[in-house]
Amino acid sequence: MAVVEDRLGALEARVGQLEDEAAIRRLQMAYGYYIDEFLWDNTAAVFAVNGSKELSRIGNYIGRERIRASLFARYGRGGRRAPSMTLHQKTSPVVTVAADGRSARIREKLVQFNSARDAGGSYIMGVYENTVVREHGVWKILRMDLDYAWSASYIGGWARVTPA
């Protein structure tokens, strides 16, 4: 019986880890949706109370309220503005949940498209390196680090990007 119980315990632990990985991926997808829709309160809410957000060449914002304030300051109020469109497509997620199940790391690629009727569009590529934690039983982003690899206009194209 001990072998069966040990095996069952290992399977239960694995199921828990897979559930955590799925929840963390949903958290990352929610972040992308909220930021694309200019829903700054919702965007800030996916961060831990003492979370931080670092964007290369833009800034480092510490604390959920500072993150929220930075979004309103940078992009304004009122949600998505027609006729513009932003799409944060995040690909190739790698989630590593800590053995204690209280934190995890996630790394994924960003392919971002920006467009507007009255302005040129652009591409942005980057890599997210995030740490997430359970805050009151819910996965939240503790540290977001987005390193932009390159950006280019639609007109100039990605082939004409000069190395940083």
Taking every other residue with Cβ under 14 Å from the Cβ of Trp40 and scoring Lys and Arg +1, Asp and Glu -1, one gets +4
Rg from C-alpha atoms of the range 55-137, normalised by the globular rule of thumb 2.2 N^0.38 Å, equals 1.35
Measuring from the longest principal axis of the C-alpha atoms of the chain, the long axis of helix 2-36 (C-alpha) lies at a number of degrees, nearest 10, equal to 10 degrees
Quick calc, Val94 & Phe72: beta-carbon distance into FRET formula, R0 45 Å, rounding 0.05, result 0.90
Whole-percent carbon and sulfur contribution to the accessible surface of the range 16-124 (1.4 Å, no ligands, DNA or RNA) stands at 53 percent
Highest mean packing first, using Cβ neighbours within 10 angstrom, the peptides 98-104, 122-128, 5-11, 111-117 sort as 122-128, 111-117, 98-104, 5-11
Relative contact order of the range 61-164 (C-alpha contacts under 8 Å, at least 6 apart) in percent is 18 percent
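Over the range 1-126, what relative contact order in percent results from Cα pairs under 8 Å that are six or more residues apart? Could the numbers behind the result be given before it?
Numbers: 148 pairs, mean separation 24.8, N = 126.
Normalised by residue count, the contact order of the range 1-126 is 20 percent.
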Filtering GluC sites (Glu not before Pro) in the range 32-122 by DSSP loop and by at most 15 other Cβ atoms within 10 Å leaves Glu37
Taking R0 as 30 Å and r as the Cβ-Cβ distance between Asp147 and Arg117, the FRET efficiency 1/(1 + (r/R0)^6), rounded to the nearest 0.05, comes to 0.50
PRE zone check, label point 7 Å out along Cα-to-Cβ of Glu65, amide N under 11 Å, scope the range 125-139, hits none
Mean projected area, convex hull of alpha-carbon positions in the range 24-164, reported to one decimal in nm², is 8.9 nm²
Env charge @ Arg143, Cβ radius under 12 Å, K,R +1 / D,E -1, value 0
The chain, Gaussian network, Cα under 10 Å: of Gly78, Gly121, Gly63, the residue fluctuating most is Gly78
Over the chain, with neighbouring protein chains present, the accessible area per residue in Å² at probe 1.4 Å is 60 Å²
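With the convex hull built on the Cα atoms of the range 1-60, state its orientation-averaged projected area in nm².
Taking the Cα atoms of the range 1-60, their convex hull projects to 6.0 nm² on average.
Rounded, prolate or oblate: which one fits the range 43-96, using the alpha carbon gyration tensor with axes a ≥ b ≥ c (rounded when a/c is under 1.5, else prolate when a/b beats b/c, else oblate)?
oblate
The values are calculated or read from the model by the stated rules, or taken from the named source; none is laboratory data. On a predicted model such as this, the values are computed, not experimentally measured, just so you know. Cβ: placed from backbone, ideal geometry, glycine included. Neighbour counts: every protein chain shown. Accessible surface is based on the protein model in full, side chains and every heavy atom, while ligands, DNA and RNA are left aside. Shrake-Rupley method; radii C 1.70, N 1.55, O 1.52, S 1.80 Å.
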